[in-house]
Structure formats: structure tokens, C-alpha cells
Amino acid sequence: MKIATYNVNGINGRLPVLLRWLKETAPDVACLQELKAPQENFPEQAILDAGYKAIWHGQKSWNGVAILAKDREITEVCRALPGDPTDEHSRYIEALVEGITIGCLYLPNGNPAPGPKFDYKLGWFERLKIHAAGLLAADKPVVLTGDYNVMPTELDAYKPERWVNDALFRPETREAFKTLVDQGWTDAIRKLYPTEVIYTFFDYFRDAYGRNAGLRIDHFLLSPHLEKRLIAAGVNRDVRGWEKTSDHAPVWIELKD
């Protein structure tokens with residue numbers, strides 16, 4: 001099974017890019033973030049025409065997450081991260097696909113830091129850690145993937161010294177990610193490529209893509225069941241170079257049956 005994650009940065013404005021990517025790479029499951037569309041404006045028919053069933057949680061102008069499945073049944077488990085019933089941001093959706101629990105997440109950016117947005121980011125992280133621990137305790141195959149808005153180490157940032165005060169790279173953020181992983185999750189990219197420079201995000205400014213001046217902030221965390229089944233992983237870097245594309249590149253993993 002091939003599972004991908006892609007921050008589309010506006011699903012309707014980038015729909016031609018999304019459909020081209022789905023056609024060319026044909027992931028079995030695709031997790032999308034930053035839909036930037038209310039629930040009723042999700043392009044369901046176009047996704048169906050591309051061969052994918054979908055569940056999604058939209059939000060006007062901001063956020064939004066979706067899970068797409070090709071030739072497979074998809075069963076929604078939840079469409080919000082537990083722990084704060086007052087949180088109205090559409091940042092998490094979870095589904096069951098062929099016995100695998102797939103959590104698609106869009107973790108808060110948190111800038112400027114320090115401040116209320118950074119506090120919200122760290123609070124969201126704490127809720128994620130609690131939920132993730134529960135998923136591990138169930139002893140079933142689980143994928144937690146999406147835009148984490150975290151560069152875990154200096155290897156994951158072009159010129160990391162420029163990011164020391166940014167919410168994506170502050171010590172509190174990296175420690176929160178490390179604590180999450182240390183529960184027993186496997187960072188799929190680093191499992192297969194422990195020392196390689198790999199980026200998943202390239203800013204629109206200063207020709208970041210052309211200079212390979214990127215960040216690795218889109219991650220796959222795998223439970224022990226799936227860590228044993230991981231056979232390949234990578235980034236569709238070329239998609240970032242397409243016309244009218246997102247500032248993120250899709251990331252994917254392949255699991256043996």
C-alpha cells in the first residue's frame with residue numbers, strides 16, 4: 001500500500017495540480033491538508049472522477065483536512081483531535097482503511113513565538129501526544145501523517161541558524177515532537193534516510209525551490225506494526241516545480257502487504 005501526504009495550500013485553486021499528481025503517482029491513500037475550503041465546497045465529484053473516495057473536514061478560508069482512498073473502503077473514525085471541545089479548527093481527521101488507522105493532521109504553525117499562537121501550538125501538541133499514546137496502546141497498525149510544522153533537527157532546515165526563534169524550530173517545539181516519537185513511533189523518512197538532506201517545503205520567495213533552500217516539516221510517524229512493513233519512502237519534489245503549485249511537495253511511503 002502506498003500512502004501519501006500533501007499540504008495542497010488551497011484545494012480548489014490547486015485542483016489541477018492535485019489531480020495531475022494523483023494520476024501520475026496513484027497513491028492508494030492520500031492525506032491532504034490546508035484545504036482552505038468550507039465543507040460544502042470540497043470538490044468531491046472531481047475527486048470521485050479521479051478514482052478516489054474521500055472524507056474531509058473543511059473550514060472557510062483556513063485549515064481543512066481530508067483523506068482519499070483509491071479502490072478501497074474508507075471509514076471515518078473522528079474528525080477532530082480529542083481534548084478540547086472548544087477548538088473549532090479543522091486540523092485532524094482519522095479513518096480506517098484496510099485495517100490501518102490513518103490520522104491526517106495539520107499542526108498549528110505557532111508564529112509569532114512566544115505568544116498566544118505558540119501556546120495554542122504547544123497545547124495542540126499535548127493533545128496529540130495523549131491521543132497518539134492511546135492509539136499505540138490499542139496495539140494496532142497506525143499512521144500519523146501530515147504537516148507537523150516542525151523541523152525536528154538541524155538536518156531538516158536549510159541554514160538552521162536562521163530559524164532559531166521560529167515556532168517551527170524553537171526548542172519547545174522540537175522537544176514536543178521528540179517526546180511524541182519517543183512514545184514508540186518511527187519517523188519513516190529518517191528510518192530509511194537517516195543522514196540525507198530531504199526537504200518537503202520550499203517558500204515561494206527568493207527562489208527557495210530552485211536553490212533547494214527548504215524545510216522538512218511533513219512527516220510520517222508509524223506504529224511498530226507498520227515500521228516492520230516499511231519498504232520505501234520519498235518526496236515527489238518535482239511537483240513543487242509545477243505551475244501554480246503548493247509550496248509543499250507530497251511525501252509518500254510504501255508498505256508491504
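The values are calculated or read from the model by the stated rules, or taken from the named source; none is laboratory data. What you see is a predicted model; the values in this text were computed from it and never measured. Every residue, glycine among them, receives a Cβ derived from its backbone with ideal geometry; neighbour counts consider all protein chains shown. Heavy atoms of the whole protein, side chains included, go into the accessibility calculation; ligands, DNA and RNA do not. Shrake-Rupley method; radii C 1.70, N 1.55, O 1.52, S 1.80 Å.
Brief remarks follow.
- Residue among 67, 37, 13 farthest towards the positive dipole end of segment 4-110, charges placed on Cβ: 13
- Rg in Å to one decimal, and Dmax rounded to a whole Å, for segment 40-133 via C-alpha atoms: 14.7, 45
- By accessible area with a 1.4 Å probe, ligands and nucleic acids excluded, highest first: order of 78, 31: 78, 31
- Within a Gaussian network of the chain (alpha carbon springs, distance under 10 Å), most fluctuating of 137, 26, 66: 137
- Compactness ratio for segment 152-200: Cα radius of gyration over 2.2 N^0.38 Å (N = residue count) comes to 1.17.
- The value for the chain of Rg(Cα) / (2.2 N^0.38 Å) is 0.93.
- Of 40, 227, 154, the one that fluctuates the most in a GNM where the chain has Cα springs shorter than 10 Å: 40
- Helices in the chain that qualify as membrane-span-like (whole DSSP H runs, Cα extent of at least 27 Å along the helix axis, mean Kyte-Doolittle hydropathy of -1.0 or higher) are 116-137.
- Separation of segment 76-109 and segment 155-174, taken as the distance between their Cα centroids, equals 26 angstrom.
- Counted charge near residue 209, where neighbours are those whose Cβ lies closer than 9 Å (Asp, Glu -1; Lys, Arg +1): 0
- Isolated Cys residues of the chain, judged by Cβ distance under 4.7 Å to other cysteines: 78
- Percentage, to the nearest whole number, of Cα pairs in segment 110-257 over 21 Å apart: 47
- Segment 1-21 versus segment 232-257: alpha-carbon centroid distance in Å: 9
- For the chain, calculated [θ]222 nm from helices alone, where every DSSP H run of n ≥ 4 adds -39500 (n - 2.57): -6500 deg cm²/dmol
- Fully extending the segment from residue 244 to residue 225 would add 3.0 nm, taking 0.36 nm per residue of separation and subtracting the current Cα-Cα distance.
- Using the Cβ-Cβ distance between residue 79 and residue 165 with R0 = 35 Å, the FRET efficiency computed as 1/(1 + (r/R0)^6) comes to roughly 0.55.
- Over segment 9-150, accessible surface divided per residue gives 43 Å², non-protein components excluded, 1.4 Å probe.
- List 230, 105, ordered by accessible area with a 1.4 Å probe, largest first: 230, 105
- Based on Cα contacts under 8 Å between residues 6+ apart, the chain shows a relative contact order of 19 percent.
- Across 99, 51, 13, mean-square fluctuation computed from a Gaussian network of the chain (C-alpha pairs under 10 Å connected) peaks at 99.
- The alpha-carbon atoms of segment 1-90, seen along their principal axes, cover 39, 27, 19 angstrom, with the largest extent given first.
- On the chain, 52 percent of the accessible area sits on carbon and sulfur atoms, based on a 1.4 Å probe.
- Gained length - residue 206 relative to residue 191, 0.36 nm times residue gap less alpha-carbon distance: 2.3 nm
- Inter-part distance where segment 131-150 and segment 112-127 are each reduced to a Cα centre, Å: 19
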